[in-house]
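Derivation of every value follows stated rules applied to the coordinates shown; laboratory data play no part. Just so we're clear, the structure is a prediction, and the values are computed from it rather than from any experiment. Counting neighbours? That spans all protein chains shown, and the Cβs are built from the backbone with ideal geometry, glycine included.
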Amino acid sequence: MQKYGISKADVAASDVDSYISSAIDSGRTPPAHMAILMNMVAGAFGVDLVYHSQFDNGKWRGVVEFFGLDGSPEIAAYAF
C-alpha cells in the first residue's frame, strides 16, 4: 500500500455504496416530518444520507441518497 500511497482508510472507503430513493414532492427543503423519517431510516439501517433538491418541470422535487456498506443503502431507500 505504501508503494501506491494509499491507507487502510482509503481501502475501507472504497467499499461504500450509495443508492438514490425515488423522487418525492417535498420541495426544496424537506418538511420536518420527512426529515425525521429520513433520519430514522438511516439510523435503523446504519447508513448516512444526503438530501438533494432538483427543479423539475416547474416544481422542486427531492431525492434522498443513502450511503453505507453491504447493500444497506438500497434496503434503506426501499424502506424509505
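Key figures
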quantity: Cut-off of 10 Å, at most 13 other beta carbons, DSSP loop: longest stretch of the chain lacking such trypsin sites (Lys or Arg not before Pro); calculated: 29-80
quantity: Option label - semi-axes √(5λ) of the Cα gyration tensor in Å computed here, alternatives (1) 24, 17, 11; (2) 45, 16, 10; (3) 30, 15, 10; calculated: (3)
quantity: Cα long-axis angle, helix 32-45 against the chain (0 to 90 degrees, to the nearest 10); calculated: 30
quantity: Unit charges on C-beta of K, R, D, E only; dipole of segment 16-79, Debye; calculated: 320
quantity: For segment 55-71, 3J(HN,Hα) per residue [Karplus equation, 6.51 cos²θ - 1.76 cosθ + 1.60, θ = phi - 60°, Hz, x = Gly/Pro]; calculated: 8, 9, 6, x, 8, 7, 10, x, 9, 10, 10, 9, 10, x, 10, 6, x
